[in-house]
Structure formats: C-alpha cells, structure tokens
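Worksheet: one structure, shown below.
The values are calculated or read from the model by the stated rules, or taken from the named source; none is laboratory data. Treat the numbers as computed from the prediction; the structure is a model and nothing was measured. Counting neighbours? That spans all protein chains shown, and the Cβs are built from the backbone with ideal geometry, glycine included. Just the protein is used for accessible areas: all its heavy atoms, side chains included, with ligands, DNA and RNA removed. Shrake-Rupley method; radii C 1.70, N 1.55, O 1.52, S 1.80 Å.
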Amino acid sequence: MAVTQEDKELIALYGQPDTKEKGFTLIVRKYQERLYWHIRRLVIDHEDANDVLQNVFIKVWKSLDSFREDARLYTWLYKIATNESLTFLDQQKRKSAISLSDVETGLSNKLQADTQYDANKVEWKLQKAILSLPEKQRVVFNLRYYEEMPYEEMSRVLETSEGALKASYHHAVKKVEEFLKNN
C-alpha cells in the first residue's frame, strides 16, 4: 500500500529546508499517540515508553530523507517503533542479566504498580495475559488486536511471511484465551 496523500505532503514539507521542522512536527503530532500506545503495550512502563518513543522520533528525524515511500509512512514508523521497543527490552535483559521469565515478571510487576491498575478489570487481566506470551507473539498480538494492522502490513513491519504471522497470532489468541480462562 502506497503513502497517503496527506503523508506525501508531510514528507514534502520535511524535505524542504525552510519547512523541515514544521513537516517533522506535523508527522510527530499525527503519529505520536498511536506509536506511544504501541510501544507502551510492549514495554509497559510509561516512562520507558516515552524514552523509547523519543528514540523512535530521533531515528525518524535522521532517516526520513531515506524513506522510499514504497510502504505507508505508518508502516515504516511502526517498524521503527517495534524494533526500538524490542531493542529496549533486550537491553533490559542484558543490563540486569536475568532470564526472559524474570523480565516478563518485571513487566507484570510494573503493570501492577501502575496507579490505574485494577486486577478485577478485564483490560488488566488481558494485559497480564498478553504479558505471558513470548515476545514475538506479544508483538504480533498487539499489532493485530489493538492496531488492527493487516497481515500484509505486519509482514513489512516484522519482516516475516503473512503465513507465519497468522500462525503466530492464532497461537497467541489461544494462549490468551487459556490464560483468561484459568486466571
């Protein structure tokens, strides 16, 4: 799917020296909330999500000139946001030299420490269920469930076949259903 007309106009603004900052600011305004929530669902903590989002937009600023427009701007931004989120989670694992299950426990603890957390609410139970998924399935589940991203776009973001993504999402849904049934 090609770049939308509105995004082409924003990219064109960014491409001109006298309107570069305005173009970038408009791109940030258009996409920051969606990207924030995508990142937040992966890293859980608000402050961490803000840090990752800032890194995403630094990367976008540095590389928007090389955006080839063969995909939607939205897809390209989500790819950067997903990769930055996964890099952040990897750094957390390495920094503390702990196992993946310890990282997932840490994410679950951050979720429970959130002032909005209410263990009786369905949305929080769903978040705990999603956190129980392996990292890649969690990304696929979030993109499909929350962002309603088509598999075709998801395959560009995650550089994986549509078939593999469908299978991963199917397994993730089964695990989430099982978690919700048993907890």
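Report whether or not Arg72 is closer than 22 Å to Glu152 by Cβ, modelled with pLDDT under 95 and open to solvent by 80 Å² or more (accessible area, probe 1.4 Å). So that I can check it myself, show each step before the final result.
On the way: closer than 22 Å to Glu152 by Cβ: yes; modelled with pLDDT under 95: yes; open to solvent by 80 Å² or more (accessible area, probe 1.4 Å): no.
Considered against the rule, which asks whether it is closer than 22 Å to Glu152 by Cβ, modelled with pLDDT under 95 and open to solvent by 80 Å² or more (accessible area, probe 1.4 Å), Arg72 comes out as no.
Scanning the stretch 21-33 for residues that are under 14 Å from Thr4 (Cβ atoms) and of a type outside the set (A, V, I, L, M) gives Lys30, Tyr31. Yes or no: the stretch 80-93 includes at least one residue that is open to solvent by less than 30 Å² (accessible area, probe 1.4 Å) and touching a Phe, Trp or Tyr at 6+ places or on another chain (Cβ under 6 Å). No: the stretch 80-93 contains no residue that is open to solvent by less than 30 Å² (accessible area, probe 1.4 Å) and touching a Phe, Trp or Tyr at 6+ places or on another chain (Cβ under 6 Å).
Could you list, in sequence order, all residues of the stretch 40-63 that are surrounded by 20 or more Cβ atoms within 10 Å (Cβ to Cβ) and touching a Phe, Trp or Tyr at 6+ places or on another chain (Cβ under 7 Å)? Across the stretch 40-63, the qualifying residues are Arg41, Val43, Ala49, Val52, Leu53.
Looking at the stretch 47-69, is at least one residue of a type in the set (Ser, Thr, Tyr) and over 13 Å from the mean Cα position of the chain (by Cα)?
From the stretch 47-69, those of a type in the set (Ser, Thr, Tyr) are 63, 66; that's our starting set.
Restricting the remaining residues to those that are over 13 Å from the mean Cα position of the chain (by Cα) gives 63, 66.
Yes: the stretch 47-69 contains one or more residues that are of a type in the set (Ser, Thr, Tyr) and over 13 Å from the mean Cα position of the chain (by Cα).
Taken over the stretch 129-161, the residue count meeting the criterion of being open to solvent by 50 Å² or more (accessible area, probe 1.4 Å) and either within 21 Å of Arg68 (Cβ to Cβ) or of a type in the set (S, T, N, Q) (or both) is 7.
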